[in-house]
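J.: Below is a structure I'd like to ask you about.
The values are calculated or read from the model by the stated rules, or taken from the named source; none is laboratory data. Computed from a predicted structure; not experimentally measured. Here Cβ is always computed from backbone atoms with ideal geometry, including for glycine, and neighbour counts include all displayed protein chains. Each accessible area value is taken on the protein alone, full model and side chains, heavy atoms only, with ligands, DNA and RNA left out. Shrake-Rupley method; radii C 1.70, N 1.55, O 1.52, S 1.80 Å.
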Amino acid sequence: MNVIKRCIYGISIMSLTSMNIQCKGDKKAGADETALETKATDSVSIAKTAYGTTPKGEKIERYTLKNQKGMEVNIITFGGIISSLKVPNKAGKSEEVVIGFNSLEQYMKANPYFGAIIGRYGNRIAKGKFTLDGKEYSLAINNAPNALHGGPEGFNRVVWTAAEAKGGDSASLKLKYVSKDMEEGYPGNLTVFVTYTLKNDNSLEVLYEATTDKKTIVNLTQHSYFNLSADFSKPILDEQITIDADKLVPVAATLIPTGKLTDVTNTPFDFRKPKAIGKDIEAKDEQLKNGLGYDHCWVLNNQDKGYRFAASAYDSGSGRVLEVYTDQPGIQFYTGNFLDGTLPMRNGGTYAHRTGFCLETQHYPDSPNQKDFPSTVLSPGENYKTKTTFKFSVK
């Protein structure tokens, strides 16, 4: 009997010991998982600071998103503006690559949409008029004789609410704005979300979403001006551009599409292979004359494939590469033709002619008045959703 008791006791001790070892092992595994989770979460950070107050008393905030690869993005809630974007050069030095200002006051003054969210309708609408279901709507003429970028008080000049989120290898800032029925002449209460997501691979994703309670038109885009050299006293003419497009949306003298799509072959608008911006920008060409340089929408290839490569830019001095991916049908390539040396740079001096370029993913200009262009109409019950990514690297 004593032998049996001793055996039972021994088995019990062994079992308890085994359970204890297992529990310790589980605890260690849990601690390791927590550490890994924290490390992953911290790979991209997001922080909020005060940025200023509008004359109406609205508090404007600045959100700073940083990753471990040297990329940093600042976004302010006024206009959803990217006020700063720093990425490494080939030597690993992170520098500013977008045009911007130092203060809210400067952003609130008239400027060419530096870094802003554009809406309700990016680009031009002929004579500020369009028709839906037989009813004509009139918009403010702010780019005579046309309406441009949503009007004088478009989405670039409103205050957005913000919610932040982070986890894994990314951090996001989700902005929201409700555009009231007939605001700037557009029908329908439009609820808009724009989510900026910085990832640890040096990409910045921009997700646009919208719903409406009345049929309307929507064409949202992002209007950052890039200079990959990080030297804003230097024009962008040596930077090489690639655009995956066989066709162009040509415009008349008023910068409104003619309605036709033309082949880029043997024209200054052929960027299917990398080409310096300055190579053909002064060529004798009617389209270049109309735009005072490049200020046109390209018809992107492979539209049936949805989200895909659209364009790239490369600066050989810094080694920086920018790739643009989108699901949109077009991209507006603009070379800062109207920058005239009157707006202040961050650290002294002014932004001169062609010291920044834009790659604005979007629908074609004046689509509401062009029956053969892809539709920009949004109806109740439908969800507007489109994504563009700006990805940086070096070579």
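J.: Report whether or not LEU237 is open to solvent by 10 Å² or more (accessible area, probe 1.4 Å), of a type in the set (A, V, I, L, M, F, W, C), over 28 Å from SER172 (Cα atoms) and in contact (Cβ under 8 Å) with a residue 12 or more places away in the chain.
T.: yes
J.: Same structure again: Where residues in the range 138-187 are outside any strand (DSSP E or B) and β-branched (Val, Ile, Thr), which of them is nearest to the chain's Cα centre (by Cα)?
T.: So the residue we want is VAL158.
J.: Only one of (1) touching a residue at least 60 places away in the same chain (Cβ under 8 Å); (2) closer than 23 Å to ILE256 by Cα; (3) not small (Gly, Ala, Ser); (4) not in a helix (DSSP H, G or I) fails for PRO368. Which number is that?
T.: Result: PRO368 fails condition (4) only.
J.: I need a count of the residues in the range 280-310 that are open to solvent by 10 Å² or more (accessible area, probe 1.4 Å), more than 17 Å from VAL251 (Cα to Cα) and in a strand (DSSP E or B).
T.: Qualifying residue count, the range 280-310: 2.
J.: Follow-up. How do the strands (runs of 3 or more DSSP E) wholly within the range 199-279 filter down when requiring 2 or more residues that are charged (D, E, K, R) and under 22 Å from the mean Cα position of the chain (by Cα): which remain?
T.: Correct list: 203-212.
J.: Looking at the range 320-343, can you tell me whether even one residue there is within 20 Å of ALA210 (Cβ to Cβ), in a loop (DSSP other than H, G, I, E, B) and out of contact with any Lys or Arg (no Cβ under 8 Å at 6 or more places or on another chain)?
T.: yes
J.: Ok, one more. Could you tell me whether any residue of the range 181-204 is over 30 Å from GLY348 (Cβ atoms) and aromatic (Phe, Trp, Tyr)?
T.: Of all residues in the range 181-204, those over 30 Å from GLY348 (Cβ atoms) come to 181-195, 197, 199-201, 203.
Remaining after also requiring aromatic (Phe, Trp, Tyr): 186, 193.
Checked against the condition, which is being over 30 Å from GLY348 (Cβ atoms) and aromatic (Phe, Trp, Tyr), the range 181-204 yields at least one hit.
J.: ASP366 - would you say it is among the acidic types (Asp, Glu) and open to solvent by 10 Å² or more (accessible area, probe 1.4 Å)? Full working, then the answer.
T.: On the way: among the acidic types (Asp, Glu): yes; open to solvent by 10 Å² or more (accessible area, probe 1.4 Å): no.
No: the conditions fail for ASP366.
J.: Suppose the filter is open to solvent by 20 Å² or more (accessible area, probe 1.4 Å) and closer than 30 Å to MET71 by Cα; does THR350 pass it?
T.: Numbers: open to solvent by 20 Å² or more (accessible area, probe 1.4 Å): yes; closer than 30 Å to MET71 by Cα: yes.
Yes: the conditions hold for THR350.
J.: Would it be correct to say that LYS387 is part of a strand (DSSP E or B), open to solvent by 30 Å² or more (accessible area, probe 1.4 Å) and among the basic types (Lys, Arg)?
T.: yes
J.: Is it the case, given these coordinates, that ALA313 is closer than 27 Å to VAL394 by Cα, of a type in the set (Gly, Ala, Ser) and open to solvent by 20 Å² or more (accessible area, probe 1.4 Å)?
T.: no
J.: Next up: Of the conditions (1) on the phi > 0 side of the Ramachandran plot; (2) surrounded by fewer than 16 Cβ atoms within 10 Å (Cβ to Cβ), THR258 fails just one. Which one is it?
T.: With (1) on the phi > 0 side of the Ramachandran plot; (2) surrounded by fewer than 16 Cβ atoms within 10 Å (Cβ to Cβ) applied to THR258, the lone miss is (1).
J.: Return the total of residues in the range 123-137 being assigned to a strand (DSSP E or B) and crowded, with 20+ Cβ neighbours inside 10 Å.
T.: 3
J.: May I pose another question? Which pairs do you get when a residue that is among the acidic types (Asp, Glu), found in the range 119-142, comes within reach of a residue that is open to solvent by 20 Å² or more (accessible area, probe 1.4 Å) and assigned to a loop (DSSP other than H, G, I, E, B), reach meaning Cβ atoms under 7 angstrom, with the pair 6+ apart or on two chains?
T.: Listed pairs, sorted by first residue: ASP133/LYS215.
J.: Take GLN332 and tell me if it is in contact with a Cys (Cβ under 9 Å, 6 or more places away or on another chain) and within 22 Å of THR361 (Cβ to Cβ).
T.: Answer is yes for this residue.
J.: A further question on this structure: Under 9 Å between Cβ atoms, at least 6 apart or on separate chains: pull out the pairs that start in the range 285-304 with a residue that is among the β-branched types (Val, Ile, Thr) and end on any residue that is at pLDDT 95 or above and open to solvent by 30 Å² or more (accessible area, probe 1.4 Å).
T.: Close Cβ pairs satisfying both conditions: VAL299/ASP246; VAL299/LYS247; VAL299/LEU261.
J.: Which residue pairs have Cβ atoms under 9 Å apart, sit 6 or more places apart or on different chains, and have a first residue in the range 55-71 that is without any contact (Cβ under 8 Å) to a residue 12 or more places away in the chain and a second that is buried (at least 17 other Cβ atoms within 10 Å of the Cβ)?
T.: Pairs found: LYS56/VAL159; LYS59/TYR51; LYS59/THR77; LYS59/VAL159.
J.: Just one of ALA163, ALA230 is open to solvent by 10 Å² or more (accessible area, probe 1.4 Å), free of Cβ contacts under 8 Å to residues at least 24 places away in the same chain and touching a strand residue (DSSP E or B) at 6+ places or on another chain (Cβ under 7 Å); which is it?
T.: Unique residue meeting the criteria: ALA163.
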